[in-house]
1. With (1) closer than 29 Å to V122 by Cβ; (2) at pLDDT 95 or above; (3) among the acidic types (D, E) as the list, and D228 as the residue in question, which single condition is left unmet?
2. For the stretch 333-348, name all the residues that are in contact with a strand residue (DSSP E or B) (Cβ under 8 Å, 6 or more places away or on another chain) and either small (G, A, S) or assigned to a helix (DSSP H, G or I) (or both).
3. For V330, indicate whether it is assigned to a helix (DSSP H, G or I) and touching a strand residue (DSSP E or B) at 6+ places or on another chain (Cβ under 7 Å).
4. Among (1) buried (at least 24 other Cβ atoms within 10 Å of the Cβ); (2) outside any strand (DSSP E or B); (3) in contact with a Phe, Trp or Tyr (Cβ under 9 Å, 6 or more places away or on another chain), there is one condition V150 misses while meeting the rest; what is its number?
5. So for the stretch 380-400 (the condition being closer than 30 Å to N312 by Cα and assigned to a helix (DSSP H, G or I)), does at least one residue qualify?
6. Can you report the number of residues in the stretch 296-327 which are in a strand (DSSP E or B) and over 12 Å from A240 (Cβ atoms)?
7. Given the conditions (1) crowded, with 19+ Cβ neighbours inside 10 Å; (2) out of contact with any Phe, Trp or Tyr (no Cβ under 9 Å at 6 or more places or on another chain); (3) not in a loop (DSSP other than H, G, I, E, B), and given that A87 satisfies all but one, which numbered condition is not satisfied?
8. Taking the conditions exactly as written (surrounded by fewer than 21 Cβ atoms within 10 Å (Cβ to Cβ) and either farther than 19 Å from K2 by Cα or acidic (D, E) (or both)), does L329 satisfy them or not?
Amino acid sequence: MKILPWSDDVGTTVAALRALAPSAAEVRAAVTAIVDDVRRRGDAAVRECSARLDGVRLPAGYGVPPAELRARLEALSPALRTALELAAENVRSYHEREAPGPWRETLGQGQVVGQEVVPLAVAGLYVPGGLADYPSSVLMTAIPAQVAGVGRIVACSPPRASGGAAPGVAATCALLGVDDLFPIGGAQAVAAMACGTATVPRCDVIVGPGNAYVTEAKRQVMGEVGIDSLAGPSEVLIIADETGDPAWLAADLLAQAEHGAGAMACLADIGGRLAAPVAAEVGKLATELGISHDNVALVACPDRAAAVKLCNAFGPEHLELHLAAAADLVPAVRNAGAIFVGPYAATAFADYAAGSNHVLPTGGSARFAQGLSVVDFQKRVAVVELDGAAAAALAPHVAIIADEEGMRAHARSARLRAQ
């Protein structure tokens with residue numbers, strides 16, 4: 001666990017924290033080769049990449065059969081199935097409340113303007129996997145797509161050595177009615193969903209977390225397909241005062257650190273009283289659970305204002321508030337992917353079942369980005385209706401502006417409607 005000194009130049013502290021995460025620049029060339037190969041050769045490239053990078057030889061038709069998905073669901077323990085169903089219900093309820101709808105409004109000259117909200121046709125979900133099994137990532141990516149009304153949902157998740165996808169991922173696809181699951185991962189999965197192959201449908205948007213190779217692949221296909229964000233390693237900032245429980249704080253810090261692959265956790269210690277007890281608890285728990293705490297840091301902040309300043313400069317993916325009157329601090333937070341208010345609101349609850357989405361902006365992008373939502377799977381289409389009276393009222397103003405811009409056909413088009 002690293003102890004970082006407070007600096008009034010908060011940018012220095014933020015730079016020290018960001019240095020805990022690796023750069024993705026080193027993977028760019030490798031990803032470019034994979035994306036170009038999949039774009040050129042389709043499934044053949046996907047199968048070769050899977051054999052070379054994952055050690056798995058995919059069959060010609062490598063989609064997971066729906067019967068296998070259903071079998072995985074039936075094989076779940078009753079307790080796990082109940083937990084996943086509860087989580088799905090909460091996540092669906094959360095996203096149903098954020099779904100936008102169409103609207104119309106009549107403006108001053110009589111024109112009717114508005115929007116239609118149109119779901120995308122095909123959404124691609126990247127679900128991390130390989131050695132791990134992440135059914136929660138299926139819930140978090142598929143459910144907002146379903147609420148949005150997406151016509152077809154395609155999921156890709158790294159293959160297991162024995163073939164197929166992770167059992168929890170497959171079971172959750174069956175639970176949600178997602179029939180298209182392909183056991184491919186990494187840059188080749190992103191490229192397949194972006195470009196389309198004979199096996200994997202071309203998607204309109206690709207969402208979901210992944211490692212540096214997945215993130216770089218999303219960067220390279222952005223523009224020919226929509227993406228949710230360029231997510232980097234996971235992170236948490238915890239703001240705590242002397243009321244914070246060192247054991248709870250240590251568990252929450254290590255819960256983030258155990259994501260591995262550059263994940264980092266930072267405690268903003270208001271008043272500087274927590275360093276010793278939290279460091280002791282982190283060391284003890286890290287040994288017990290076998291989790292590295294190299295990317296766990298503590299910054300001693302002189303007061304609440306300093307901690308908020310650090311937060312807004314850092315823009316954490318997750319922000320936990322372990323302090324008296326925690327809710328009073330929420331309005332001052334401008335940059336955070338999600339805020340967890342009070343010591344009981346651990347990030348772990350929202351990672352799985354509280355209801356909010358766990359696909360959140362990382363790497364400081366919370367200053368302009370937000371978590372995965374229904375709107376990532378929809379597009380808004382403007383609608384304009386004018387009758388003769390509205391056209392006559394607007395035409396002189398439109399023509400004057402068009403004349404100023406030298407757009408003579410625009411001006412003529414408007415004036416014709418005023419005659």
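1. (2)
2. Within the stretch 333-348, A336, G337, A338, G342, A345, A346, T347 meet the criteria.
3. yes
4. Only one criterion is unmet by V150, namely (1).
5. Initial filter on the stretch 380-400 (closer than 30 Å to N312 by Cα): none.
No, the stretch 380-400 contains no residue that is closer than 30 Å to N312 by Cα and assigned to a helix (DSSP H, G or I).
6. Taking the stretch 296-327 as the starting set, the residues that turn out to be in a strand (DSSP E or B) are 296-301, 318-322.
Among the residues that remain, those that are also over 12 Å from A240 (Cβ atoms) are: 296-297, 318.
Summing the residues that are in a strand (DSSP E or B) and over 12 Å from A240 (Cβ atoms) in the stretch 296-327 gives 3.
7. Condition (2) is where A87 drops out.
8. Values: surrounded by fewer than 21 Cβ atoms within 10 Å (Cβ to Cβ): yes; either farther than 19 Å from K2 by Cα or acidic (D, E) (or both): yes.
Yes; evaluated as a whole, the condition is true for this residue.
The values are calculated or read from the model by the stated rules, or taken from the named source; none is laboratory data. A quick note: this is a predicted structure, and the numbers were derived from the prediction, not measured. No Cβ is skipped: glycine too gets one built from the backbone with ideal geometry, and neighbour counts run over all protein chains shown.
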